[in-house]
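One structure is given below, encoded as structure tokens.
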Amino acid sequence: MNPFFRPVRPSDVPQVVAIEKDCFPDPWDPSVFETLASGDGQVETERGDILTMHVVAENAEIVGYVVWQEGWRGHEGHILNIAVKQEHRGRKLGKSLLLYAFDIMKSHGVKVCKLETWESNHAARRLYESLGMMPAGRRTAYYGNEDAVLYSIRLDH
């Protein structure tokens, strides 16, 4: 099967919510995904930032998604959420989702992209570092009792 990327649709939300609940101990409220889906994968915040969500699908199955913010502190982007269904991991879909989001952000003039992850999420950290993302700091107890490691990458090279 060939995965394809596209903006989230309202019909995708139940599958996205199931992936979110399976992947994260403190999942996002479904209304966030519903709002993004109702805007064809994009909404503008009160501050004027743009939130975007795209999914990776195979036939009618959503196998992963990425949510990002543009305009954060000028020409910065921020990956807010990324997930791949457990049974589809190991197929480089997470890497593909990130590169896809980076390409879109770059085409919009974003120069730097940031994200944070659980300190203990070694698989994610290896992925980010394999893409050239550099550790850029730490947020103490960001995930309850666990620190977040911040990553950053320049997109304007």
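Per-structure values
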| item | result |
| --- | --- |
| Tally, over segment 72-114, of residues that are touching a Lys or Arg at 6+ places or on another chain (Cβ under 7 Å) and hydrophobic (A, V, I, L, M, F, W, C) | 1 |
| Test: residue in segment 102-116 that is under 14 Å from the mean Cα position of the chain (by Cα) and farther than 13 Å from ILE153 by Cα | yes |
| Among the candidates ARG73, ARG91, residue that is on the phi > 0 side of the Ramachandran plot and at pLDDT below 95 | ARG73 |
| Residues (of a type in the set (D, E, K, R) and exposed (fewer than 15 other Cβ atoms within 10 Å of the Cβ)) located in segment 66-88 | ARG73, GLU87 |
| Condition broken by ARG138, with the remaining ones in (1) touching a Leu at 6+ places or on another chain (Cβ under 8 Å); (2) under 22 Å from GLY71 (Cβ atoms) satisfied | (2) |
| Pairs where the first residue, in segment 75-87, is within 17 Å of ILE62 (Cβ to Cβ) and the second is among the hydroxyl-bearing types (Ser, Thr, Tyr) and assigned to a strand (DSSP E or B), C-beta under 8 Å, 6+ apart | ASN81/TYR65; ILE82/TYR65; ALA83/TYR65 |
| Residue within segment 93-105 that is within 29 Å of PRO14 (Cβ to Cβ), in a strand (DSSP E or B) and among the hydroxyl-bearing types (Ser, Thr, Tyr) present | no |
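The values are calculated or read from the model by the stated rules, or taken from the named source; none is laboratory data. Bear in mind that the values here come from a model prediction, so they are computed numbers and not experimental data. We place every Cβ from the backbone using ideal geometry, glycine too, and count neighbours over all the protein chains shown.
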